[in-house]
Structures are given as structure tokens and as C-alpha cells.
Protein chains: 2
Amino acid sequence: MAAPNDNDLIARLEQHDIRASAQRVAIARYVLATEDHPSADEVWKAVTPDFPMVSRATVYNTLQLFTEKGLLRQLVLAEGCIVYDPKVEPHHHFVDDETGAIEDIPWTALRVGKVDELEGVDVRDYMVVVRGRRKGRRR
Amino acid sequence: MAAPNDNDLIARLEQHDIRASAQRVAIARYVLATEDHPSADEVWKAVTPDFPMVSRATVYNTLQLFTEKGLLRQLVLAEGCIVYDPKVEPHHHFVDDETGAIEDIPWTALRVGKVDELEGVDVRDYMVVVRGRRKGRRR
DNA sequence: CCACGGATTTAGACTACGTCCAAATATCGG
DNA sequence: CCGATATTTGGACGTAGTCTAAATCCGTGG
Ligand SMILES: [Mn+2]
Ligand SMILES: [Mn+2]
Ligand SMILES: [Zn+2]
Ligand SMILES: [Zn+2]
């Protein structure tokens, strides 16, 4: 990706109702352009050489802010953070936004196509991860 | 789920080439019967009242062992362990088993059906998570 | 029954990641 | 420039997970 210059970044932040500080631009420069899916700490480590004195708290808060404003998405895919599932046969999962609870969705309840057409990968396993809320939950 | 008795559990462990110790049975009693998707520490906390002196290392090692032997599956879905994705439009993800690297899969490369037929949930978002290896990787 | 050796478990030190807060600093409108 | 507000800071703190060397357990053969 062509590195965006700082004026583009500042404009982009302001379009999203974010005031552009030097720290925020430095963080945006990395995290909005990367092809990776970095953890917060990886962002901190990536920004530090550029901007040595940025504090960890600022990076965490800024990523949270960018997410609220729609510039980033959070994914729960970081290796090293594992839950265990005693149901070892293939199935899908629903994650409740409010509680974080994980529920099983039977394999046949959803239909996934074209996985075998993916190029360049040996697929070991796949599942659909659905996020949302349980309906009819008491206020 | 009907609580399995210890003899059933021991048999099940031995069928999977796992020698049945008291600690392993206590861990199995909880983790093989739960409907939850507990983290390792949640398993530890669940087993402790039952078996107060079981050490954290034992629980972690045992869950790893059970996974290798096919009694459990590890899922990367635990809340609180987040990576950031600058691509906010819907897309799917491939996770490389060897490196943990996460790559994007375009939305249209896969087809997911019947999500709107799920009962009792308001779907906010969903994606397919594919795991496996990149083909043609050097030895 | 006992001794041996491998398997298993243990406590606790250690690391990494993330959260939190009160104080310091920067920025903005007037 | 001033005061108000927004932002950043360092560091204390908590928690989850890893690692290791020593202790214990347990099946086996003598
Ligand atoms: Mn990464
Ligand atoms: Mn849980
Ligand atoms: Zn499941
Ligand atoms: Zn992505």
C-alpha cells in the first residue's frame, strides 16, 4: 500500500470526528495502512521507534477510539488466547456481543460454499463465527 | 448433560492413549461435559473446589494433552484478546497454522447461506474463519 | 515386598499483556 | 493571553500464561 502522507491521514481522522494529535497520526500511519492484523501491543511496538515517547496507555486508548469511530475493526483471532471446546466435530459458533458467551451452531444450520476453490491454501478446518445479540433478552 | 461417572471418563481417556490420574479425571469431569467454551484458567477455577491442590501448570498441560489426543478442540475466540483490522468492510479470514499470520479473504470468495434463518439471534456480523497451511511453502 | 525409572505433578518465579489513574501537558475558543 | 477542555503520560497494578527444577506417583521387574 502506498504510504499515505500525513495530510491525508489528518483529513481522514477529522472526517471521522477525531482530532488529530501527533500521537494519533503516528498510530494511524501504521495501523491504517498495514496488511497485518496487529494486536495493540504490536501497534505499540511498531509506533515506538517512530515516536519513542508514546505511552502504552495512549496506544490502547487510541485504538479503542479509532474502533468506536469506525476506522478499525476488532477481531478476536489473536493466537495465544484460547478457549476449549469439548465438541470436536465440525460446527459453527455464535458469540454474544453483550456477554461474550460462545454458543454452538450445528454444522448443518449454515451453508458455506466455495471453500474448496480457495487458491494456495490447504484447508484444515473452517467455521463461521457469527456475532450479535440474543433476541428477546430481558432489558 | 448427564454427568458421566468416573469409570466412563477413565475408559474414555484410555481409549485416547491417556493414562488416567486423579487430576486428569477431575479435569475431564468438568471440561469434557461442559456446554461452555472455557479458557484454561476457567477450567482451573472450575476444578479447584473439587480438587483443591491441583496446580495451574497441571491444568494447562492436561488441556494441551487432551487437545493433542483429540478430546478437545482449541478455539481462538476468547474475548479480551484482540487484533485490529484496518479493513472495516465485511470479509473473511485465513489463519496460517504454522505462523499464526492472519490474511484476508474477499467477501465474494466464499458463499455463506442460511445465516438469516438462525433463530433467536440478531446478527450484527459474521465471517468465515479458515485455518490451514499455505501451499507450496518451502520445507 | 522393594527398588527403580519414567510419568506426572507441584510451587512459585517469571513474562507479557492489558487496565487504570492522577498528574502533566497540549490545544482551542474567546 | 487565559481558562477550559482534551489528550497524554508514567507507573502501579492485576491477570493469564509459561517455565523449571524438584517432589511425588505408580507400574514393573527382581
Ligand atoms: Mn500480527
Ligand atoms: Mn466461558
Ligand atoms: Zn463449540
Ligand atoms: Zn481482515
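The values are calculated or read from the model by the stated rules, or taken from the named source; none is laboratory data. Given the structure is predicted, the values throughout are model-derived calculations rather than measurements. Here the Cβ is made from the backbone with ideal geometry for all residues, glycine too, and neighbour counts use every protein chain on show. The area values use the complete protein model at the heavy-atom level, side chains included, leaving out ligands, DNA and RNA. Shrake-Rupley method; radii C 1.70, N 1.55, O 1.52, S 1.80 Å.
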Greater than 24 Å apart at Cα, pairs in A:Lys135/B:Lys114; A:Lys87/B:Lys69; A:Lys45/B:Lys45; A:Lys45/B:Lys135; A:Lys69/A:Lys114; A:Lys114/B:Lys114: A:Lys45/B:Lys45; A:Lys45/B:Lys135; A:Lys69/A:Lys114
field: Whole-angstrom gap from segment A:1-76 to segment B:26-85, using each part's C-alpha centre
entry: 34 Å
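If you rank A:Asp85, A:Asp50 by how much accessible surface each has, with a 1.4 Å probe, what is the order from largest down? Can you show the working numbers first?
Details: A:Asp85 0, A:Asp50 90 Å².
In descending accessible area the options line up as A:Asp50, A:Asp85.
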field: Axis-proximal residue, chain A, for the rotation superposing A on B (Cβ, Å)
entry: A:Cys81, 1
message: Measuring nothing but label to label, 7 Å from Cα along Cα→Cβ, what are A:Ala22's distances to the other copies in nm, shortest first?
response: 6.3
- prompt: Put simply, what bits of segment A:75-89 lose 20 Å² or more of accessible area when the other protein chains are there, versus the chain on its own (1.4 Å probe)?
  reply: A:Leu75, A:Val76, A:Leu77, A:Ala78, A:Glu79, A:Cys81, A:Ile82, A:Val83, A:Tyr84, A:Asp85, A:Pro86, A:Val88
- prompt: Label-point separation (nm) for A:Val88 and A:Val123, each offset 7 Å from Cα along Cα-to-Cβ?
  reply: 2.2 nm
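Given axes a ≥ b ≥ c from the Cα gyration tensor, I'd like to know whether segment A:89-132 is rounded (a/c under 1.5), prolate (a/b larger than b/c) or oblate.
Working: a/c = 2.60, a/b = 2.11, b/c = 1.23.
Prolate, because a/c is 1.5 or more and a/b exceeds b/c.
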query: Can you work out the FRET efficiency for the pair B:Arg56 and B:Arg134, with r the C-beta to C-beta distance and R0 = 41 Å, to the nearest 0.05?
result: 0.75
message: Rounded to the nearest 100 Å², what is the buried accessible area between A and B, both sides summed, probe 1.4 Å?
response: 6500 Å²
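With only alpha-carbon pairs counted, each pair once and no self-pairs, how large is the Kirkwood hydrodynamic radius of the protein assembly as shown in angstroms? Please report the intermediate quantities before stating the final value.
Values: mean 1/r = 0.0474 Å⁻¹.
By the Kirkwood definition, the hydrodynamic radius is 21.1 Å.
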message: Compute the angle between helix B:22-31 and the longest alpha-carbon principal axis of chain B, please, reported from 0 to 90 degrees and rounded to the nearest 10.
response: 40 degrees
query: Counting only heavy atoms of protein chains, what accessible area per residue, in Å², does segment B:6-84 have with a probe of 1.4 Å?
result: 51 Å²
message: Taking 35 Å as R0, compute the FRET efficiency from the Cβ-Cβ separation of B:Trp107 and B:Glu35 and round it to 0.05.
response: 0.65
- prompt: Per the 1.4 Å probe, what fraction of the accessible area of segment A:48-139, in percent, lies on carbon and sulfur atoms?
  reply: 49 percent
message: If I build a Gaussian network model for chain A, linking alpha-carbon pairs within less than 10 angstrom, which residue out of A:Asp41, A:Asp97, A:Asp116 has the largest mean-square fluctuation?
response: A:Asp116
query: Picking from B:Pro86, B:Pro38, B:Pro49, which is most flexible by a Gaussian network model of chain B using Cα springs under 10 Å?
result: B:Pro86
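For an R0 of 51 angstrom, estimate the FRET efficiency from the Cβ-Cβ distance between B:His16 and B:Asp116 and round to the nearest 0.05.
Details: r = 39 Å, r/R0 = 0.76.
Computed FRET efficiency for B:His16 and B:Asp116 comes out at 0.85.
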- prompt: From the label point of B:Gly100, set 7 Å from Cα along Cα→Cβ, how far away are the matching label points in the other copies, in nm, ordered shortest to longest?
  reply: 1.9
message: Pairwise over distinct Cα atoms, reciprocal of the mean inverse distance: report the Kirkwood radius of segment B:1-60 in Å, one decimal place.
response: 11.8 Å
- request: For the protein assembly as shown, give the magnitude of the charge dipole about the Cα centre (Cβ charges: +1 Lys/Arg, -1 Asp/Glu; no others), in debye to the nearest 20.
  value: 160 debye
query: Cα atoms only, segment A:1-113: Rg and Dmax in Å?
result: 18.0, 52
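Restricting to segment B:89-132, compute how many DSSP beta bridges are antiparallel as a %, nearest 5.
Numbers: 4 of 8 bridges.
Just about 50 percent of them are antiparallel.
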- request: Please work out the average accessible area per residue across segment B:89-132, using the 1.4 Å probe convention, and give it in Å².
  value: 49 Å²
task: Please identify, among B:Phe94, B:Phe66, B:Phe51, the residue showing maximal mean-square fluctuation in a Gaussian network model of chain B using a 10 angstrom Cα cutoff.
output: B:Phe94
- prompt: Counting alpha carbon pairs within less than 8 Å and at least 6 residues apart, what relative contact order, in whole percent, applies to chain B?
  reply: 17 percent
message: So the label point sits 7 Å from Cα along the Cα-to-Cβ vector; using that for A:Arg111, what distances do you get to the other copies, in nanometres, sorted shortest first?
response: 0.8
